[in-house]
Amino acid sequence: MAELISGKVVSEKVRLQIAEDVKSFAKETGKVPGLAVILVGNDPASSVYVRNKHKACLQVGITSYQIELPESTTEEELLERIDALNADEKVNGILVQLPLPKHILEDKIINRISPKKDVDAFHPENVGRIVIGGYDFLPCTPAGIVELLDHYKVDISGKSCAVVGRSNIVGKPMALLLTERNGTVTLCHSRTKDLASITSSADILVVAIGKPEFLTANMVKEGAVVIDVGINRLADGRLVGDVKFDEVEPKVSKITPVPGGVGPMTITMLLKNTLTAAKKQL
Ligand code: NDP
């Protein structure tokens, strides 16, 4: 049986540490780190994510500013809100919940957030720093995965790693972080030929494609470490990952469950980035 990699357990531990650090920061500086989260429109999934971020901030003592704007908000209005938050000293981190309504260009919005307050690490300047080194922030989901691998003593160095999915928020930065830790990485996507031959030779396999239970037992190596990033809601209401857990779990050495695996770590890393931003802005 595989060991379960519990994001719930690790994130509780990391959040306790962040809460301690926020307390010391407040004592030393008289300031409380602040995170502004902007939600445009009323997408139900986004509303849940924003609420969870708010709760997590409160839990560790970070001040949370929730800004809810109507679907009809124009790009110009949103840019003005960001300018105001960039200039607001109480706000150390700014996050715009994606996806945005179709009439707003996401790139334009992300590029307007000050790189110093870009706690999602999506701004091109921060992405560039991840590629060439010397970064302050790492994107939350891949950073959370590295934290999980460290906690469960998975040595990345020299290992054969496969990342399935090449999004800007998960797959691509994940490949970079594994490379930074001296993994030998293959980044796969929808055009990859013979995906199974690549995934089944990986010691560490990260799957982030958004396809329910896509990765089956024949696609994994015996004893591999499997990280399932996917969050998919089935018609019957069940929440499943991108990995067919029941058949893959007996074959591998360690695996993340869904829910309770990668998910809780993503918000935890956001809290960590907000504290880092507050320290850097002193
Ligand atoms: P995107 O939809 O942005 O990207 C999906 C990627 O998967 C693309 O690169 C696509 O390839 C690739 N892909 C799709 N189908 C296949 C296939 N059959 N074989 C190989 N590759 C394929 O996804 P995200 O990265 O935003 O999200 C992925 C999943 O992770 C979703 O379920 C999402 O909900 C979840 N997620 C979870 C988070 C968490 O905190 N746990 C955080 C962020 C996301 P191509 O580029 O060629 O189109």
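Distance from the Cα centroid of segment 218-247 to that of segment 108-170 is 22 Å (rounded to whole angstrom).
The spread of Cα positions in the chain, taken along each principal axis and listed from longest to shortest, comes to 52, 43, 38 Å. For Ile231, the solvent-accessible surface computed with a 1.4 Å probe is close to 100 Å², ligands and nucleic acids excluded. Could you work out how far helix 262-280 tilts from the main Cα principal axis of the chain, as a 0 to 90 degree angle to the nearest 10? Once rounded, the angle reads 40 degrees.
A straight Cα-to-Cα reach below 18 Å connects Lys31 with the aspartates and glutamates Glu20, Asp21, Asp88, Glu89, residues fewer than 8 places away in its own chain not being considered.
Grab the Cα-Cα distance for Lys8 and Lys55, subtract it from 0.36 nm times how many residues apart they are, and report the gain in nm with one decimal.
The span from Lys8 to Lys55 would gain 15.4 nm if fully extended.
From the alpha carbon centroid of segment 176-197 to that of segment 18-73 is 33 Å.
Each Lys and Arg contributes +1 and each Asp and Glu -1, all at the Cβ; summed about the Cα centre of segment 193-245, the dipole is approximately 140 debye. The distance between label points at Lys251 and Ser201 comes to 1.7 nm (points 7 Å beyond Cα on the Cα→Cβ vector). Largest first, the residues Phe25, Phe122 sort by 1.4 Å accessible area into Phe122, Phe25. For the chain, the 222 nm mean residue ellipticity estimated from helices alone, with every DSSP H stretch of n ≥ 4 adding -39500 (n - 2.57) and the total spread over all residues, rounds to -13000 deg cm²/dmol.
Which angle between 0 and 90 degrees, to the nearest 10, do you get for helix 44-60 versus the longest principal axis of the chain when only C-alpha atoms count? For 44-60 against the chain, the angle is about 70 degrees.
Residues of segment 1-33 with an amide N closer than 15 Å to a point placed 7 Å from the Cα of Lys90 along the Cα-to-Cβ direction: 31-33. For the chain, a crude dipole built from +1 on the beta carbon of Lys and Arg and -1 on the beta carbon of Asp and Glu, taken about the Cα centre, is about 420 debye to the nearest 20.
Extension gain for Lys279 to Val131 (0.36 nm times residue separation, less C-alpha to C-alpha distance): 51.0 nm. Summed over all non-identical Cα pairs, the Kirkwood treatment of segment 29-114 gives a radius of 13.3 Å. Annotation: extensible slack from Ser24 through Asp236 equals 71.7 nm (criterion: 0.36 nm per residue apart, minus Cα-Cα distance). Averaged over residues, the count of other Cβ atoms within 10 Å places the peptides 206-217, 246-257 in the sequence 206-217, 246-257, highest first.
The alpha carbon radius of gyration of segment 140-263, expressed as a multiple of 2.2 N^0.38 Å, is 0.95. Using the Cβ of Lys117 as centre and a radius below 12 Å, the other residues enclosed give a net charge of -3, where K and R count +1 and D and E count -1. Give me the angle, in degrees from 0 to 90, between the Cα long axis of helix 171-180 and the longest principal axis of the Cα atoms of the chain, rounded to the nearest 10. Result, in degrees: 80.
Ordering Leu78, Asn92, Leu58 by the projection of their Cα atoms onto the charge dipole of segment 29-114, which places +1 on the Cβ of Lys and Arg and -1 on the Cβ of Asp and Glu, puts Leu58 at the extreme positive end.
The values are calculated or read from the model by the stated rules, or taken from the named source; none is laboratory data. Everything numeric in this text was worked out from a predicted model, so none of it was measured. Using ideal geometry, Cβ is built from the backbone for each residue, glycine included, and neighbour counts are taken over all protein chains shown. Keep in mind that these areas ignore ligands, DNA and RNA; they rest on the heavy atoms of the full protein, side chains included. Shrake-Rupley method; radii C 1.70, N 1.55, O 1.52, S 1.80 Å.
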